[in-house]
1. Kindly point out which whole DSSP H helices in the chain project their C-alpha atoms 24 angstrom or further along the helix axis while averaging a Kyte-Doolittle hydropathy of 1.6 or above.
2. Could you work out which residue, out of Ser54, Ser81, Ser126, moves most in a Gaussian network model of the chain, that is, has the largest mean-square fluctuation with Cα springs under 10 Å?
3. Under 10 °C and 1.306 mPa s, how fast does the range 57-109 diffuse according to Stokes-Einstein, given a Kirkwood radius computed over C-alpha pairs? Answer in µm²/s, whole number.
4. Between Leu90 and Ile110, what FRET efficiency follows from the Cβ-Cβ distance if R0 is 30 Å, with the result rounded to 0.05?
5. Find, among the trypsin sites (Lys or Arg not before Pro) in the range 1-97, those assigned to loop by DSSP (not H, G, I, E, B) with at most 10 other beta-carbon atoms within 10 angstrom.
6. How much net charge surrounds Asn60 when only the other residues with a Cβ under 13 Å from the Cβ of Asn60 are counted, with Lys and Arg +1 and Asp and Glu -1?
7. What Kirkwood Rh does the chain have if only Cα atoms enter the pairwise 1/r average? Answer in Å.
8. Given a Förster radius of 30 Å and the C-beta distance between Ala29 and Ile83 as r, what FRET efficiency does 1/(1 + (r/R0)^6) yield to the nearest 0.05?
Amino acid sequence: MGISNYLSLIKFGHTVFALPFAIIGFLLAVTLTGAVFNWQLFVLVILCMVFARSAAMAFNRYIDRNIDKANPRTQIREIPSGIISANSALLFVVLNSILFIAATFFINRICFFLSPIALLVILGYSLTKRFTWLCHLILGLGLSLAPIGAY
């Protein structure tokens, strides 16, 4: 189970394309509030984005593992094919969730206290898609948290 397998599990390339949302929120905050650009804070925002998205993607794959196993198109994904065990994927979710919360602690108290709510939204999408088409509202809310949180 190499790092490349986990990067494939979470579609890390897609994370790179999602980063501009957080970066724009951060840069808007710096520009509109007149704050001084802080590299440490910028890196923490990037880490939050990576950890949160990694937790959400891995949780989505974990929750869908049985569906993916039954679908010929998705049987080759890491969990159904046995490249990554379900327990390892769940541990990956927990680890990234903890790292996300830890990173928010170093940003400020409000981010830290709101971080479980953000995780609830982004992890919740994977569950809501099972019973309502309104899951897309949850997904949109989750996506909107990146620039809001970075701001």
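Read-outs: derived from the displayed coordinates by stated rules, not from any lab. For clarity, every value in this text was computed on a predicted model and none was experimentally measured. A quick note on method: Cβ atoms are made from the backbone with ideal geometry, for glycine too, and the neighbour counts reach across all protein chains shown.
1. Working: long enough: 12-33 (32 Å, 1.89); 39-63 (36 Å, 1.44); 86-105 (29 Å, 1.94); 109-128 (29 Å, 1.82).
Within the chain the helices that satisfy the rule are 12-33, 86-105, 109-128.
2. Ranking Ser54, Ser81, Ser126 by mean-square fluctuation puts Ser81 first.
3. Working: Rh = 12.0 Å.
The diffusion coefficient I find is 132 µm²/s.
4. Values: r = 29 Å, r/R0 = 0.96.
So the FRET efficiency works out to roughly 0.55.
5. Values: sites: Lys11, Arg53, Arg61, Arg65, Lys69, Arg73, Arg77; in loops: Lys11, Arg73, Arg77.
Taking the range 1-97 and a limit of 10 other Cβ atoms within 10 Å, the loop trypsin sites (Lys or Arg not before Pro) found are Arg73.
6. Details: positive: Lys11, Arg53, Arg61, Arg65, Arg77, Lys129, Arg130; negative: Asp64, Asp68, Glu78.
Computed value for this residue: +4.
7. On the way: mean 1/r = 0.0622 Å⁻¹.
Kirkwood hydrodynamic radius for the chain: 16.1 Å.
8. E(calc), rounded to 0.05, equals 0.15.
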